[in-house]
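Shown next, in structure tokens, is the structure this report addresses.
The values are calculated or read from the model by the stated rules, or taken from the named source; none is laboratory data. Computed from a predicted structure; not experimentally measured. Here the Cβ is made from the backbone with ideal geometry for all residues, glycine too, and neighbour counts use every protein chain on show. Please note that ligands, DNA and RNA were not included when accessible areas were found on the heavy atoms of the full protein model with its side chains. Shrake-Rupley method; radii C 1.70, N 1.55, O 1.52, S 1.80 Å.
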Amino acid sequence: GYDFTTIRRPFKREYGRTEVESPVDVTITLEDGKVFDTGTAVVKNLSVGGALLKEIRLAKQVLPLQNFTILIGIRDIPDLSGLIGECEVVRLAGSSESGEPELGVRFMNATHRDRRRIQEFVDSRIRVGQAEQIRVGSST
């Protein structure tokens, strides 16, 4: 038989990401532009390519069974204030902590300026995290 292990590649993320735990406003829109539902969620982590949403609270408590997009409005991160991300779902999974679903979303149609703002924010968070790790590692 054929050895399928020879074609496996290790998964590598396209963009660096950072943990944020920040609330966002959520709007679910259908292909025709009509608003299907609104609510809130928490961004668990963020990258230039997308985000992981948890604690999703929608009025209808369902996702549509047709093509849709998700608009997320970041509220509590000053560096990203006013940013509205148009997203598509790329992954649906249950959270290991709470059992509630989490949505992995990919940013679509992001402007160069918005992508740069997200990248600068993520890079600064990664630098701070690395500095923290160096301080912790040198104190032991």
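So which residues in the range 57-87 are touching a Leu at 6+ places or on another chain (Cβ under 9 Å) and outside any strand (DSSP E or B), if there are any at all? Reasoning before the result, please.
Within the range 57-87, the subset touching a Leu at 6+ places or on another chain (Cβ under 9 Å) is 63-64, 66-70, 72-74, 77, 80, 84-87.
Selection gives Leu63, Pro64, Gln66, Asn67, Ile77, Leu80.
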TODO: Output the number of the condition that Arg106 fails; it satisfies all remaining conditions of (1) in a strand (DSSP E or B); (2) open to solvent by less than 60 Å² (accessible area, probe 1.4 Å).
DONE: (2)
Open item on the list: Of everything in the range 112-140, what is modelled with pLDDT of 70 or more and loosely packed, with under 10 Cβ neighbours inside 10 Å? Give them in sequence order.
Closed with: His112, Arg113
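Quick check on the range 29-41: of everything there that is in a strand (DSSP E or B) and either among the basic types (Lys, Arg) or under 15 Å from the mean Cα position of the chain (by Cα) (or both), which residue is surrounded by the most Cβ atoms within 10 Å (Cβ to Cβ)?
Step one: of the range 29-41, the residues in a strand (DSSP E or B) are 29-30, 35-41.
Now restrict to residues that are either among the basic types (Lys, Arg) or under 15 Å from the mean Cα position of the chain (by Cα) (or both): 40-41.
Details: Thr40: 16, Ala41: 23.
My answer is Ala41.
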- [ ] Scan (1) modelled with pLDDT of 95 or more; (2) over 14 Å from the mean Cα position of the chain (by Cα); (3) among the charged types (D, E, K, R) for the single condition Asp76 breaks and write down its number.
- [x] (1)
